[in-house]
Structures are given as C-alpha cells and as structure tokens.
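What follows is a set of notes on a single structure, which appears directly below.
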Amino acid sequence: MRIAPEGWVVIVPFALVCLVLPGLAGLVSPWLAGVLGLPALLLIFWALWFFRDPHREPPAGTGPDVVISPADGKVLKVDMAPLPKELRTGDADNQPLPRVSIFLNLLNVHVNRTPVAGKIEKIVYTPGKFFNASLDKASEFNERSAVLMSDPAGRKVAFSQIAGLVARRIVNHLREGQSVQRAERFGLIRFGSRAEIYFPPGSQISVKPGDITVAGVSTLGTLPPAR
C-alpha cells in the first residue's frame with residue numbers, strides 16, 4: 001500500500017504516541033498494556049490506511065473534453081454558482097456556472113487530482129472557518145484553496161479544496177503557470193472535507209447527487225465544444 005508523502009508528518013507522531021502509551025501502561029500493569037496495545041495498533045493501521053495513495057488513471061479512450069473527478073467521495077449537489085470570489089477578476093466572473101460539490105468522509109482516499117489537462121492560471125488560499133463540509137455554507141466560509149486553470153483549447157475550469165469540521169490542513173502543490181496532465185496528483189486535504197468543480201458555460205454534467213466518485217477515474221461531465 002502506497003502512502004501519501006504528506007501523511008508521514010501526521011502518521012509518525014501519531015504512531016509514537018500510540019506505541020508509547022501502552023509501554024508506559026506496562027510499567028503499571030501488564031494487563032493494562034495489553035488492553036491499550038490492540039487499540040493502539042488498530043489506530044496506527046487506520047492512520048496508514050487513511051493516507052493511502054492508490055494509483056489512478058483516467059478510463060482509456062476518454063477525450064480531452066472529459067472532466068475527471070478531483071476527489072473520492074459522494075456528490076452532494078449539482079447546481080449553478082459563480083466562481084469563488086477570490087478567483088473573480090471582473091463582472092463577467094459573477095455569472096452562475098455549472099458546479100459539482102463532492103463530500104469526502106473519513107473513509108475516502110483524500111489525495112486530490114487535476115480534473116483536466118492544461119495550465120494553472122491562478123491559485124488563492126483563503127483562511128476561514130471549519131464548519132461541517134457537508135453544509136452549503138462551507139463553500140463560502142471555510143478555509144479553502146481555489147484554483148483556476150485553462151485547458152489547451154482555452155476553456156476554463158476551476159476547483160476548490162475546502163476544509164471541514166475535522167480537516168485542518170489543506171495541501172496544494174500546484175504553482176501558477178504550471179502545466180498539468182489530467183488526473184495528475186496535486187495535493188490532499190487531511191480528514192473529512194469538500195471539493196467543488198466549476199465548469200464553463202455549456203458544459204454537460206453527467207453525475208447527480210448521491211453518486212460516488214473516484215479521483216482520477218470518475219467522469220463528472222464534458223466541456224463545451226472548443227471554439
């Protein structure tokens with residue numbers, strides 16, 4: 001099982017605590033050490049499993065118009081909404097765009113992947129609250145990292161990593177001006193969180209609320225024809 005490199009900063013101290021506590025308990029009572037030992041091992045395994053980083057590739061034969069999910073999780077809603085305010089540059093950016101919101105629970109893989117191939121135009125980190133990521137207000141008020149990119153045909157796609165009630169650390173390795181491939185690994189959100197994808201006008205969405213998505217694999221929709 002491959003582990004996300006960003007996870008070791010959490011796994012190592014967590015494992016040390018889980019191993020030290022039964023050891024200290026053993027100084028008092030071997031029985032107590034045994035009682036604490038099994039849960040400690042299970043917690044260490046859970047930490048390793050949470051930060052798993054499986055290999056992912058888009059389905060064979062998908063064309064450049066296909067938008068791939070950036071996150072594992074469950075589709076919360078499909079609606080129309082303007083770009084996150086930190087990505088807007090003018091009045092034209094206030095128009096509602098097709099949006100897919102995905103909720104990641106504690107059991108999902110939390111490694112995020114780029115939805116299309118193209119160039120990263122803008123990245124904005126916004127500090128904020130830590131409301132439950134399944135709530136709509138998390139999109140506006142929670143800590144997040146928003147990215148605007150354009151594909152080779154100039155079609156713009158935006159996506160956000162949004163922290164949740166437990167998640168307190170967003171990792172985003174992308175850089176402005178960077179060229180990326182579709183389904184390329186770019187970061188993660190530690191613990192339960194939310195991901196949102198904004199499509200250009202005229203896009204066709206192929207998921208609905210309740211659908212389960214797999215980062216780098218599941219198709220969310222298709223972009224409008226290139227001009």
Inset, instruction - Working only within the stretch 83-107, note down all residues that are in a loop (DSSP other than H, G, I, E, B) and in contact with a Gly (Cβ under 9 Å, 6 or more places away or on another chain). - result: Asn105, Leu106
Legend entry - Candidate set: the stretch 57-80, residues that are at pLDDT 95 or above and aliphatic (A, V, I, L, M); chosen: the one nearest to the chain's Cα centre (by Cα): Ala71
Legend entry - Selection within the stretch 125-168 - in a strand (DSSP E or B) and more than 16 Å from Ile197 (Cβ to Cβ): Tyr125, Thr126, Lys129, Asn142, Ala163
Inset, instruction - Considering every residue within the stretch 140-147, establish whether at least one is aliphatic (A, V, I, L, M) and either surrounded by fewer than 17 Cβ atoms within 10 Å (Cβ to Cβ) or farther than 14 Å from Pro115 by Cα (or both). - result: no
Inset, instruction - Could you look through the stretch 171-204, keep only residues that are among the basic types (Lys, Arg) and part of a strand (DSSP E or B), and pick out the one that is nearest to the chain's Cα centre (by Cα)? - result: Arg194
Inset, instruction - Take the stretch 108-120 and flag every residue that is among the aliphatic types (A, V, I, L, M) and not in a loop (DSSP other than H, G, I, E, B). - result: Val111, Ile120
Legend entry - So Pro58, is it crowded, with 16+ Cβ neighbours inside 10 Å, assigned by TED's automatic domain parsing to the domain that holds Pro209 and either closer than 23 Å to Arg169 by Cβ or not small (Gly, Ala, Ser) (or both): no
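The values are calculated or read from the model by the stated rules, or taken from the named source; none is laboratory data. Fair warning: this is a prediction, and the values are worked out from it, not measured in the lab. Heads up, the Cβs are rebuilt from the backbone with ideal geometry, glycines too, and the neighbour counts pull from every protein chain shown.
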